[in-house]
1. Determine Rg/Rh for the chain; Rg is computed over alpha-carbon atoms and Rh is the Kirkwood hydrodynamic estimate from the same atoms.
2. Can you give the Rg to Rh ratio of segment 287-348, both from alpha-carbon atoms, with Rh computed by the Kirkwood formula?
3. Quickly work out the residue 232-to-residue 55 label distance, labels modelled 7 Å from Cα along the C-beta direction, and quote it in nm with one decimal.
4. So for each of 329-341, 79-91 I average, over its residues, the number of other beta carbons within 10 Å; can you give me the resulting order with the highest mean first?
5. How much of the DSSP bridge set in the chain is antiparallel, in percent, rounded to the nearest 5?
6. So what is log10(I(q)/I(0)) for segment 67-120 at q = 0.13, 0.20, 0.25 1/Å, when the Debye sum runs over its Cα atoms only?
7. Counting each DSSP H run of 4 or more residues in the chain as -39500 (n - 2.57), what helix-only mean residue ellipticity at 222 nm follows after dividing by all residues, to the nearest 500 deg cm²/dmol?
8. Take the alpha carbon atoms of segment 307-349, find their center, do the same for segment 1-69, and report the distance between the two centers in whole angstrom.
């Protein structure tokens with residue numbers, strides 16, 4: 001395991017000309033707002049290493065490699081790894097190949113349509129059953145058990161092999177641009193930045209608030225989020241959802257220092273009074289919309305079979321209902337999905 005910058009420099013020199021990097025991370029996320037990144041595992045075709053990021057004094061040389069224009073990140077369920085590293089580096093990868101999404105584009109590999117785990121995919125492609133003994137390990141402990149390091153390395157040793165096999169299958173079906181497009185959808189900073197003004201959407205029970213209580217609820221939610229970030233504590237440790245709702249309903253009141261901090265927060269964020277927190281009422285689709293959705297779904301199902309896809313990968317039932325209801329922000333109106341459906345959608349008009 002790499003634990004010094006000298007060791008890191010030697011490893012980076014060894015992979016200097018490699019552009020396909022299998023990447024995984026191990027982190028602890030129990031008592032903090034942000035996950036604590038503990039290990040970064042990287043594999044190429046020829047080498048695999050664990051980097052003890054807690055011990056590395058200067059991770060910048062590593063970031064310089066990871067975020068190079070020609071570096072392709074290969075990951076399984078990549079969003080977690082991207083986000084965890086983004087919190088530390090403030091950067092996003094230039095290219096991503098997500099092996100979990102790749103399987104979604106190859107229905108014959110996983111016909112039931114559910115998201116496949118890394119362990120299941122590795123067993124399917126490599127015939128290797130991976131141990132799960134360290135899934136609940138506290139990755140901040142040092143020294144790490146030798147078995148845990150091997151467990152972490154296996155997460156990238158087979159990842160690079162899975163990638164090469166999936167790449168061949170995708171190339172055979174002319175879907176490489178599709179998977180790279182899916183990867184590009186993961187590298188937008190707004191996916192990983194905290195929006196205080198939307199924190200109310202994470203509050204259980206918010207939809208039950210009457211309209212006149214919602215502004216206070218929005219303000220409380222944003223303040224709680226800010227407090228959680230500043231203290232690096234889970235938001236529920238700052239204030240439970242049910243407590244927040246009680247405050248919004250004036251069943252309880254902030255006192256002392258909490259009230260003072262809340263007032264100061266509102267002074268610096270007056271725009272919170274203008275946030276639209278209307279949850280919108282659920283409107284049942286009309287008979288005509290249901291008929292349109294059913295007809296579209298049947299045609300899309302035929303298209304999906306032709307392209308070795310689950311129809312939900314192209315357009316889920318909920319997404320189709322949004323579309324027939326007038327929503328034009330749905331994902332199948334751009335990219336590879338639109339190219340498959342554009343003639344179908346023209347006929348639907």
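Bear in mind these aren't lab numbers, they're just calculated from the coordinates by the rules spelled out. Since the structure is predicted, the reported quantities are computational estimates derived from the model, not experimental observations. Here the Cβ positions follow ideal geometry from the backbone for every residue, glycine too, while neighbour counts run over all protein chains shown.
1. That ratio equals 1.02.
2. Result for segment 287-348 is an Rg/Rh of 0.92.
3. Once both label points are built, they end up 2.1 nm from each other.
4. Ranked by mean Cβ neighbours within 10 Å, highest first: 79-91, 329-341.
5. Within the chain, antiparallel bridges account for around 60 percent of the total.
6. Those come out to -0.38, -0.74, -0.95, one per q.
7. After summing the helix terms and dividing by residue count, I get -15000 deg cm²/dmol.
8. Going from one Cα centre to the other spans 39 Å.
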